[in-house]
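The values are calculated or read from the model by the stated rules, or taken from the named source; none is laboratory data. Source: prediction; values computed, not measured. Quick reminder, even Gly has a Cβ in these numbers, built from the backbone with ideal geometry, and neighbours come from all protein chains shown. In case anyone asks, the SASA skips ligands and DNA or RNA and just uses the protein heavy atoms, side chains included. Shrake-Rupley method; radii C 1.70, N 1.55, O 1.52, S 1.80 Å.
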Amino acid sequence: MSSQILPFAGTPPPSSPPLSPSRLNYGTRPSTIHTLTQRNHIPANIYKHPSAILLELCTSPKELRQILPLVIKNGFYNEELFQTKLVSLFCNYGSLSEAARVFEPIDDKIDALYHTMLKGYARNSSLDDALSFFCRMRRDNVEPVVYNFTYLLKLCGDNSDLRRGKEIHGQLTTSGFSLNLFAMTGVVNMYAKCRQIDDAYKMFDKMPERDLACWNTIISGYAQNGLAKMALGIVPMIFERGHRPDFITVVSILPAVADMKLLRIGKAIHGYVIRAGFESILNVATALMDMYSKCESLGTARVIFEGMSRKSVVTWNSMIDGCVQNGDPEKAMELFQKMMDEGIQPTDVTLMQILHACADLGDLEQGKFVHKLVDELRLDSDVSVTNSLISMYSKCKRVDIAANLFKNLQNKTLVSWNAMILGYAQNGCVNEALHLFSEMQSRNLKPDTFTVVSVIPALAELSVPRQAKWIHGFVMRRVLDKNVFVMTALVDMYAKCGAIHTARKLFDGMSEQHVITWNAMIDAYGTHGLGKESVELFEEMQRGRTVKPNDVTFLCVLSACSHSGLVEEGLRYFASMKKDYGLEPIMDHYGAMVDLLGRAGRLDEAWNLIQKMPVEPGISVYGAMLGACKIHKNVDLGEKAANKLFQLNPDEGGYHVLLANIYATASMWDKVAEVRNAMQKKGLQKTPGCSLVELRNEVHSFYSGSTSHPQSKRIYAFLETLVDRMKAAGYVPDTNSIHDVEDDVKEQLLNTHSEKLAIAFGLLNTRSGTTIHIRKNLRVCGDCHSATKYISLVTGREIIVRDMHRFHHFKNGVCSCGDYW
């Protein structure tokens, strides 16, 4: 192999010291010497006895326990043949205690009994127990054979115990097996599984001869360690050495092909499988199916799956996972149900995959059903399964259940903490997420990139620049600033904290930019009303060709066009999705297009687009239409959109309020009353307006009309004088959205809107010239938008308001949105 492919080829292996007495203490050795030839003559009549024949035919522990009395009755229990066979069978069935009951009373144990017991420990017990028995063997002067070491090496590899793996390697060497092909293949496998792939290759390279099993082991090692390219580079060498890849080679190399998404090579291997006659082998078919799924050829994977005459639980798991990873959780659920109907018991892997599907669907009821299965299968103590449950409940908006699971979870891993922090962040529980992040560090748990990527969105929701700078500093101190996902999260966070220029500076400074990085920056410009910059960046992305736009990219740029009134550009990009990139628009894209056309006043075009949609329009589409009708005071289309929308039973009262405001603007008070009655009957309420402002590391919340803040009296008094100054500058309150009260009361109600209270608090408690940052949970109303422009004018302050859709930068009486929002 050339050094270009493997730069460490030809380098000497590391020295491997033998097992020292301080590590594996053999104790005092007895004088009895055991040898493999230490056997008595066994008469032929014993071999042919029905008891011996029955043991050979035994297929289960139940049968073995039925045969055992027959062995004892016929006086064969003390025969070496029967002792060895009984120990072997009990070990094979995982019953070490019963194997030991046969083994221990034997006075003169032959070596074969020791080797059989060690094999049983290696397969059915812990590494500690297996090594303890190995030490006993040595104390009893039993000479080890090669497969003793291979069993122990496999166990060390499976447990990723490098230290003891090296000790076993040393013992193997001192026992004279360093040139044994079988033994050294086990050594290569152990180092690879302990993630020491360089050492694994050094051992492989030192071997004087290599069979196909050796080549398969090193290929699998590279693939398992994420070095897919290296694994693929070895395959041609197999042919050069005169070997013909077998089905194990195929199963070893396909994961590497899948990781690199090399569909063309995957198809070539598939062709080889068919020519070699391997397609009926279960593991090969499963590996092919997994490869096609990961190469985004789910249809081909399904064809292979459906054509399999026999399917293992691993096969089902692979197909379910393929559906989940390819964005088809419904099909994953369907397969899971079919699997259950066929009587196949799900494993922990199955349940983790199907919980992922439940989370993607937001299907709480199905998630609870899977939770019951977890309890029934006694997997509730499995940390990985519980982590999946935490994620599922969090995504299904039941963060309270997730938090309870986390609280009661023993032996929490870093993944557990990450899942709970992300769960809090996803559900807007910012303080809880940050508290957990602090608690995690107080327990000396070192956060990783996933932790940071979970915490940053929580801070982004707070929209507090000071906190943004703090987490950025944390990233730099932990040297995580080279990770593309961490840096993308920082770009998104700075944009959501109003620091769009800082976001772009970080974006430009990144050495690697993933598609999600481009999406974050394009969306950032859009939410700040900088549609032109968003479009320019999108077109730069298209020209670069190194990163291909995906469906989210188009959603971001369409939204940006909508916020800035770039209708023609938006129409062009919408057409380009399918024409140039083969991307089929989904519900969100249609919602963005309806919003784009509707905001621009092209309501008939928006309605026609809805009528021509290839899928049934959802709440987001009709909601965008209703919002546009509110802006442009179109009662007719507003009613049509609302009727369709209410048939979909939205669980939030904001859409009814929109329709009521459309009627109120048209002075249709009887209709307003009808909408209010309908809301009351359905138990729907408008989400109360809430605005947040940060002051000296404390976030202050203000609800519309609230008087609970300690500075309430001062705030309201300040607002009265501020409104007088605003009116003197030309401000006229917009009272159209308030009904059934006198005009002076309308003005008073307008002055209690949450963002006005938050802005007043900010002005009262900060120095002149300080920018005020406000975070609001709803869309800014017309009057508050107008009032904030005048506040920025008369106070000389810059005010940045982030509402549920976008940013508004108010300065010198002007808003960055150009009154187009």
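Considering only residues that are small (G, A, S), without any contact (Cβ under 8 Å) to a residue 60 or more places away in the chain and either within 18 Å of V486 (Cα to Cα) or open to solvent by less than 10 Å² (accessible area, probe 1.4 Å) (or both), which ones fall in the range 417-469?
Within the range 417-469, A419, G423, A425, A433, S454, A458, A460, A468 qualify.
Condition first: part of a helix (DSSP H, G or I), in contact (Cβ under 8 Å) with a residue 40 or more places away in the chain and open to solvent by 80 Å² or more (accessible area, probe 1.4 Å). Now tell me which residues in the range 676-727 satisfy that.
R714, R725
Return yes or no: is L179 modelled with pLDDT under 95, open to solvent by 50 Å² or more (accessible area, probe 1.4 Å) and among the hydrophobic types (A, V, I, L, M, F, W, C)?
Yes.
I218 is checked against (1) surrounded by fewer than 20 Cβ atoms within 10 Å (Cβ to Cβ); (2) closer than 29 Å to A183 by Cα and fails just one. What number does that condition carry?
The one condition I218 does not meet is (1).
Filter the range 330-377 for residues that are under 15 Å from the mean Cα position of the chain (by Cα), crowded, with 21+ Cβ neighbours inside 10 Å and within 23 Å of G299 (Cβ to Cβ) and give the result.
The answer is Q353, I354, A357.
When the range 285-310 is examined, which residues are found to be in a loop (DSSP other than H, G, I, E, B), open to solvent by 30 Å² or more (accessible area, probe 1.4 Å) and within 23 Å of A256 (Cα to Cα)?
Across the range 285-310, the qualifying residue is only E296.
List the number of the failed condition for A256; all other conditions in (1) under 18 Å from T315 (Cβ atoms); (2) open to solvent by less than 10 Å² (accessible area, probe 1.4 Å); (3) under 24 Å from the mean Cα position of the chain (by Cα) hold.
A256 satisfies all of (1) under 18 Å from T315 (Cβ atoms); (2) open to solvent by less than 10 Å² (accessible area, probe 1.4 Å); (3) under 24 Å from the mean Cα position of the chain (by Cα) except (1).
Can you tell me which residue among A673, A660, A624 is out of contact with any Cys (no Cβ under 9 Å at 6 or more places or on another chain) and either free of Cβ contacts under 8 Å to residues at least 12 places away in the same chain or not in a helix (DSSP H, G or I) (or both)?
The conditions single out A673.
Could you list, in sequence order, the residues of the range 103-141 that are without any contact (Cβ under 8 Å) to a residue 24 or more places away in the chain, buried (at least 17 other Cβ atoms within 10 Å of the Cβ) and within 17 Å of L86 (Cβ to Cβ)?
Answer for the range 103-141, where residues must be without any contact (Cβ under 8 Å) to a residue 24 or more places away in the chain, buried (at least 17 other Cβ atoms within 10 Å of the Cβ) and within 17 Å of L86 (Cβ to Cβ): just F103.
Tell me which residues, restricted to the range 142-167, are aliphatic (A, V, I, L, M), within 35 Å of the chain's Cα centre (by Cα) and either within 19 Å of T116 (Cα to Cα) or open to solvent by less than 10 Å² (accessible area, probe 1.4 Å) (or both).
L152, L153, L155
What number of residues within the range 399-443 are in a helix (DSSP H, G or I), over 16 Å from E461 (Cα atoms), of a type outside the set (D, E) and at pLDDT 90 or above?
Residues meeting the conditions: 20.
Taking the conditions exactly as written (part of a helix (DSSP H, G or I), closer than 27 Å to E536 by Cβ and either under 36 Å from the mean Cα position of the chain (by Cα) or modelled with pLDDT under 95 (or both)), does M593 satisfy them or not?
When the stated conditions are applied, M593 passes them.
In the set K671, K640, K644, K578, which member is more than 39 Å from the chain's Cα centre (by Cα), open to solvent by 70 Å² or more (accessible area, probe 1.4 Å) and of a type outside the set (V, I, T)?
Result of the check over K671, K640, K644, K578: K640.
Evaluate the range 53-70: report whether one residue or more is modelled with pLDDT of 85 or more, open to solvent by less than 60 Å² (accessible area, probe 1.4 Å) and part of a loop (DSSP other than H, G, I, E, B).
The answer is yes; a qualifying residue exists.
With respect to G75, determine if the residue is assigned to a loop (DSSP other than H, G, I, E, B) and free of Cβ contacts under 8 Å to residues at least 24 places away in the same chain.
yes
Have a look at G186, G170 and point out the one that is part of a helix (DSSP H, G or I) and buried (at least 24 other Cβ atoms within 10 Å of the Cβ).
Residue meeting the stated conditions: G186.
Kindly indicate whether K776 is in contact with a helix residue (DSSP H, G or I) (Cβ under 8 Å, 6 or more places away or on another chain) and either of a type in the set (V, I, T) or crowded, with 23+ Cβ neighbours inside 10 Å (or both).
It is true that K776 is in contact with a helix residue (DSSP H, G or I) (Cβ under 8 Å, 6 or more places away or on another chain) and either of a type in the set (V, I, T) or crowded, with 23+ Cβ neighbours inside 10 Å (or both).
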